[in-house]
Amino acid sequence: MKINKWLDWLIHMVGYALVLITVSVIFNDTVYIDNSYFGLWGLIAVIIIFVLNRTIKPLLVWMTLPLTALTLGLFYPLINILILKITDFILGIHFDIRGTIFVFIVSIVISIMNAIMDNLIIDTLLKGKKK
């Protein structure tokens with residue numbers, strides 16, 4: 001049972017790393033991921049983002065809920081940008097987020113691509129594996 005959970009987590013991380021690497025290719029002036037070691041830095045960035053999303057993000061969402069409600073949800077991508085900036089700070093030269101407007105767009109694109117990855121690809125793989 002523990003191997004299945006670990007494998008599910010690994011599939012999610014690889015999928016999210018592919019999303020992040022794809023975004024860095026599309027928005028190459030805004031998002032930079034060091035491509036040495038066969039995308040290892042992309043996977044490390046995703047793991048850091050995953051940990052931050054599970055620890056810091058719920059607190060930030062709760063603290064900024066009134067502001068998010070007043071802006072009709074437009075403040076929520078700024079929380080995602082903050083998570084990306086923290087990851088940028090942790091990884092230094094291996095991961096870089098630049099710009100202002102395009103970072104907002106990148107944050108939205110990453111959210112959409114992660115939802116598509118979860119619902120269409122990963123869930124399909126995992127449901128097929130469990131049968």
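None of the figures in this text is laboratory data; all of them are computed from the coordinates on show. These numbers were taken from a predicted model, which means no experiment stands behind them. Positions of Cβ are backbone-derived with ideal geometry, glycine not excepted, and every protein chain shown enters the neighbour counts.
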Exercise for the section: With springs connecting C-alpha atoms under 10 Å apart, model the chain as a Gaussian network and identify which of SER36, SER107, SER24 has the largest mean-square fluctuation. Expected result: SER36
Problem - Sites ILE26 and VAL51, calculated FRET efficiency, Cβ-Cβ separation with R0 30 Å, nearest 0.05 - result: 0.75
Practice task
Please give every one of the aspartates and glutamates within straight-line cross-link reach of LYS127, meaning a C-alpha to C-alpha distance under 18 Å, and leave out same-chain neighbours fewer than 8 residues apart.
Solution key: ASP8, ASP118
Exercise for the section: Once you have all Cα-Cα distances for the chain, histogram them in 5 Å bins from zero and send the whole-percent values. Expected result: 2, 10, 18, 22, 19, 14, 9, 4, 1, 0
Completion exercise
With Cα springs under 10 Å, the Gaussian network model of the chain assigns the largest mean-square fluctuation among LEU91, LEU67, LEU40 to LEU67
Fill in the blank from the handout: The simple spin-label model distance between LEU120 and ASN35, using points 7 Å out along Cα→Cβ, in nm, is 2.3
Problem - Listed residues LEU20, LEU70, LEU84, most fluctuating in the chain (Gaussian network, C-alpha, under 10 Å) - result: LEU70
Handout entry: Sparse-neighbourhood loop sites, trypsin sites (Lys or Arg not before Pro) in the stretch 1-83 - DSSP loop, at most 10 other Cβ within 10 angstrom
Key = none
Exercise for the section: Using just the helices of the chain, give the 222 nm mean residue ellipticity in deg cm²/dmol: DSSP H runs with n ≥ 4 each add -39,500 (n - 2.57), and the total is spread over all residues, rounded to 500. Expected result: -24000 deg cm²/dmol
Handout entry: Helical segments meeting 15 Å axial Cα length and Kyte-Doolittle -0.5 threshold in the chain (DSSP H)
Key = 2-26, 40-63, 76-91, 101-116
Practice task
Determine the distance separating the Cα centre of the stretch 9-30 from the Cα centre of the stretch 33-84; give it in Å without decimals.
Solution key: 14
Practice task
DSSP loop (so not H, G, I, E, B), at most 14 other Cβ within 10 Å: list which chymotrypsin sites (Phe, Trp or Tyr not before Pro) in the stretch 1-81 pass both filters.
Solution key: TYR37, PHE38
